[in-house]
Amino acid sequence: MSRILTGIQSSGKPHLGNILGAILPALDLARHSENDCFYFIADLHSLTTVKDAALLKENTRAVAAAWLACGLDTSRHTFYRQSDLPQVAEFTWYLSCFTPYPMLANAHSFKDKSDRLKDVNAGLFVYPVLMAADILMYDAQFVPVGKDQKQHLEITRDIANAVNKYHTSELLVVPEASIREDVMTVIGTDGQKMSKSYGNIIDVFATEKTLKKQIGTIITDSIPLEEPKEPESCNVFNLYKLLASPEAVEEMANLYRRGGYGYGHAKSALLGVILDRFAEERKRYEFFMQNPEVLEERLKEGAEKAAETANVVLSRLRSALGYS
Ligand code: ADP
Ligand code: TRP
């Protein structure tokens, strides 16, 4: 059995990029019978940027509903909300005493956020230590993450090795990052990487009206409808390509090249394929959002399961450090 663990922040609504780039690949791993998966919503990390309690709660529910709607089997795997296990805060403290200050000061993600954000709080600085605690507190062996998280995994490994050096090499499991090199970067409505922070998302769980509006904002060039167009250089086509069948993609490419096919037509086809591809997921998402008690029940069960491991690893660390 391999212990696989990953988390997604709840700093915004889950979008097409999160689904194709993180949730679906994680669910593929969960289908292998030899994997024991711990998937969670990193809502404590979200507090570094989201201070509005109602919004944070809503986003956390939306991210949880997205995982469940996409088919996470909670009877086989452990699915929980990070803040339901406050043990992680204690674990973070212990780890932070083994973390060299310059390692955090030089982290790319911290430097990037401190240049970009107005609110540069200590939580942003300690963010990688909390992430290390998320991983080490569950004896995770493999952590599937996007390329942007590679350095955070290196920091996690360094911290685990530092603790083990003082104590025994078996105290903490040193995890490996599984970087999803082959996973595409989904572009947003402006052609840049789709991201909550760029306001360019396509929310596949939104109402049809909102979804249509978001797709309507996809930036295209101004070649007139009747003229031939190059499909590969169009944001609408590139998004369509991620979701439609190869035959449908080929057909759209031919229509672009032939002329007489406008971006409005392509946008309608994209809306159609999203509604079709995610029809079941959208229904399940709606169910979980309309029935928060069912969602809460699943998260509560997940937290109980997660606590069984967290308490064992925390006790192991506590006693190694001389605390009872
Ligand atoms: P955001 O950029 O919207 O804040 P996060 O950083 O919370 O997204 O990402 C959560 C997960 O989704 C990460 O594993 C990340 O690699 C993946 N992800 C985010 N945006 C994209 C994208 N545009 N394409 C592919 N994967 C993405
Ligand atoms: N920092 C990760 C991100 O922004 C989210 C995260 C928090 C995480 N804790 C984790 C990912 C532990 C993997 C393992 O994408």
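Derivation of every value follows stated rules applied to the coordinates shown; laboratory data play no part. The structure presented is a predicted model; accordingly, all values stated were derived computationally and were not measured. Methodologically, a virtual Cβ is constructed for each residue, glycine included, from the backbone with ideal geometry; neighbour enumeration extends over all protein chains shown.
Data for the structure
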item: Residues with amide H under 5 Å from that of Ile187, placed H, sequence gap 5 or more; result: Met194
item: Longest site-free stretch - the chain; sites: GluC sites (Glu not before Pro), DSSP loop, at most 16 other Cβ within 10 Å; result: 35-169
item: Exposure rule at most 16 other beta-carbon atoms within 10 Å, DSSP loop trypsin sites (Lys or Arg not before Pro): the chain longest free segment; result: 181-324
item: Fully extended contour minus Cα-Cα distance, from His265 to Glu170, at 0.36 nm per residue; result: 28.3 nm
item: Share, in percent, of DSSP beta bridges within the chain that are antiparallel, nearest 5; result: 5 percent
item: Computed helical MRE - 222 nm, the chain, DSSP H runs ≥ 4 contributing -39500 (n - 2.57), nearest 500; result: -16500 deg cm²/dmol
item: For segment 134-215, diffusion coefficient by Stokes-Einstein and Kirkwood Rh (Cα), 20 °C, 1.002 mPa s, µm²/s; result: 139 µm²/s
item: Residue exposure sequence - Asp115, Asp36 - by fewest surrounding Cβ within 10 Å; result: Asp115, Asp36
item: Two-decimal ratio, segment 164-287, of alpha-carbon radius of gyration to 2.2 N^0.38 Å; result: 1.44
item: Using distinct alpha-carbon pairs, which all enter the 1/r mean, Kirkwood radius of the chain in Å; result: 21.2 Å
item: Between segment 254-324 and segment 89-106, the alpha-carbon center distance in angstrom; result: 30 Å
item: Residues of type aspartates and glutamates that Lys150 reaches as a straight line, Cα spacing below 14 Å, ignoring anything fewer than 8 places off in the same chain; result: Asp158, Glu176, Glu181
item: Under the span-like rule (Cα at least 15 Å along the axis, Kyte-Doolittle mean at least 0.0), DSSP H helices of the chain; result: 53-69, 122-136, 263-277
item: 4 °C / 1.567 mPa s Stokes-Einstein diffusion coefficient of segment 37-120, Kirkwood radius on C-alpha pairs, µm²/s; result: 86 µm²/s
item: For segment 206-277, the fraction of alpha-carbon pairs in successive 10 Å shells from zero, as %; result: 21, 56, 22, 1
